[in-house]
Amino acid sequence: MLAISLAAFSLLWATPEQGGALFNTLCATCHKDPPVNRAPLPEVLRKMTREAILASMNTGSMREMASPVSIQQRGFIADYLTADAPPVDTMRGRCAAGFQPAKETAAWNGWGVDVENTRFQSAAAARITPAGVMKLQLRWAFGFPGVAAMGQPTAAAGRLYFGSANGTVYSTDARTGCIFWTFKAPVTVRTAITIVDGAAVFGDVEANVYALRIGDGSVIWKVKLDEHPVARITGAPQVHGGRVYVPVSSVEEVNGGSAKYGCCTFRGSVAALDLASGKVLWKTYTIPDPPRLRGKNRAGVEAYGPSGAAVWSAPALDLKLRRVYVGTGNAYSDPDTGHSDAIIAFDMDSGSMVWVRQLAAADRWNLACLNPNGANCPEKAGPDVDIGASPVLKTTASGKRVLLVGQKSGVVHALDPDDSGRIVWQSRIGAGGALGGVQWGMAADERNVYAALSDVHLREKAGGLFALKLETGERVWYAPPSPAACGQRRGCTPAQMAPVTAIGGVVFSGSMDGVLRAYDSATGRVIWEFNTLRKFDTVNGVEASGGSLNATGPVIAGGMLFVNSGYGVLGGMAGNVLLAFSAVEDKTTPGRSPAAGKR
């Protein structure tokens, strides 16, 4: 975010009125159009709360980059960015006293609806047919204070659970959107929430794991999984057999952009916790060898390695072999260990590493590789094509099991989980790149795996949805991207970064231009679409609008579809709304208190 130069030195004594000058001189280099790698556009930052911006600079991912600037000046920058932010009444939208959710057995629990991460909802649970999809109508909208929800919703027992950018976790009624309770974590909650045995389990971006009581949101336990200053939990925990399996990632590759930072010391990991108490039963690093001093960077600062191989996404659980499968990110520094850009299998009981299948060798990268000083960039920088999507475990029609992996390289892989991850087939769907290929996740039914393509760097050629045969990887159909629906607006692109969701006969995919589309799963024909890029009246009275669809996908259960709009990171368009659709028109909204009126 900040890159101090001699020209900017005088600004270190800036007054509050010079907050804009501070930002434009010190921050805009990264937060420009197109943004540097993952940096959000200025208009996205302006939708964030002052608290969130300060937290990022003081204790979060921008701490190292903001270190040359005083606490006071950071406040000036935050004031400048949030000067027009409207006040928020967090008490609006509460459910009426004594209101109870409708009895509902259908659920979408956690990230991929099942421990195999298929992102496929059965007809019985979805209760929406292809004909019903074509009749989907907006039922209610929920507005988030600041920039959009970060966590994909979870639907269970008539309630909806979701986290947000400012750390607020909500429990709402699925039919009306009224709020039962809220819980405030100190930082962003971007994982999906898993509901099990009366507990709501999730993680935050300071590497804390929580279990809350689903009745009132009170804390059962809270555990910090990693003491590294920039460790975080972005992938949803998986829960089975009284254990919580949690992936750990970080943003240290951002810190590496600073020439004075000793890059790098973080290693990804997976941990198993006791569901009842939060006790850590085992924790295993994705890179077995700890980092050590390896000399100095080009600026004369001590350099460390090996590092990286963060686990960004939800694990897949193999209950037959009792394995935990995760995909890892790129390495941050030398040397290559064979564990980055890989699928790693861990033993569910002991945490021991069973096998590793690296899918892109020597991918060493950090933000210095985009910085003119390049002090921490490895001598042979990699393409940054890590595995950010959750692996999908699926059984084919012939009874053969495959572990499906979408990669930023633009390749979809099928591995054999019963043969140490042996490659069964590979299918290229795009050019790939740092923000290319498959970003967040695929879906699979009994015949095909469905993969959405980003390739955002190709601009008008970005996007597209692919159906590949489970057995062979052969292309069944390809649905080309539609022209971007947002014109010349900054961040507008047809790229399809968001994870895919499937139900019987239908595949859903959202795009960065703000449009959610439903495709016929047999042909790839678009049968329904909804443009979220507009303002919405909300059940909680927060001014809200849609933006890019990214990071989280549609959640479908009990005849309803829920989706977040406005993920403004990765160059997207800002927004702050959660939308709920159903195929049955219902003009009543029972359960909302008088304070919940729309506006």
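The values are calculated or read from the model by the stated rules, or taken from the named source; none is laboratory data. From a predicted model like this one, the values you see are computed outputs, not experimental measurements. Note that each Cβ is placed from the backbone with ideal geometry, even for glycine, and that neighbours are counted across all protein chains shown. Keep in mind that these areas ignore ligands, DNA and RNA; they rest on the heavy atoms of the full protein, side chains included. Shrake-Rupley method; radii C 1.70, N 1.55, O 1.52, S 1.80 Å.
A few notes on this one:
- Only one of the numbered conditions (1) out of contact with any Asp or Glu (no Cβ under 9 Å at 6 or more places or on another chain); (2) under 19 Å from ALA414 (Cβ atoms); (3) surrounded by 21 or more Cβ atoms within 10 Å (Cβ to Cβ) is violated by ASP455, and that is (2).
- Residue within region 527-540 that is touching a Pro at 6+ places or on another chain (Cβ under 9 Å) and on the phi > 0 side of the Ramachandran plot present: no
- Residue match in region 423-442 (condition: polar (S, T, N, Q), part of a loop (DSSP other than H, G, I, E, B) and open to solvent by 20 Å² or more (accessible area, probe 1.4 Å)): no
- Here SER313 meets the list (1) touching a residue at least 60 places away in the same chain (Cβ under 8 Å); (2) hydroxyl-bearing (Ser, Thr, Tyr); (3) over 25 Å from TRP282 (Cβ atoms) almost entirely, failing just condition (3).
- TYR304 fulfils the conditions (1) aromatic (Phe, Trp, Tyr); (2) surrounded by fewer than 24 Cβ atoms within 10 Å (Cβ to Cβ); (3) touching a residue at least 60 places away in the same chain (Cβ under 8 Å) except for a single criterion, (3).
- A search for C-beta distances below 6 Å between a residue of region 253-281 that is on the phi > 0 side of the Ramachandran plot and any residue that is open to solvent by 10 Å² or more (accessible area, probe 1.4 Å), counting only pairs 6+ apart in sequence or on different chains, returns GLY278/TRP221; GLY278/VAL223.
- Failed item in (1) open to solvent by less than 10 Å² (accessible area, probe 1.4 Å); (2) closer than 28 Å to CYS178 by Cα, with TYR519 passing the rest: (2)
- Set side by side, the residues VAL542, VAL563 differ, and just one is of a type in the set (Val, Ile, Thr) and not in a strand (DSSP E or B), which is VAL542.
- Any pair with Cβ under 6 angstrom, 6 or more apart, that starts in region 472-495 at a residue that is free of Cβ contacts under 8 Å to residues at least 60 places away in the same chain and more than 19 Å from SER427 (Cβ to Cβ) and ends at one that is of a type in the set (Val, Ile, Thr) and assigned to a strand (DSSP E or B): ALA485/VAL515
- Among residues of region 198-214 being touching a residue at least 24 places away in the same chain (Cβ under 8 Å) and more than 21 Å from VAL555 (Cα to Cα), the one that is most open to solvent (accessible area, probe 1.4 Å) is GLU206.
- Subset of region 482-496 (residues that are surrounded by 24 or more Cβ atoms within 10 Å (Cβ to Cβ) and within 20 Å of TYR450 (Cβ to Cβ)): PRO494, ALA495, GLN496
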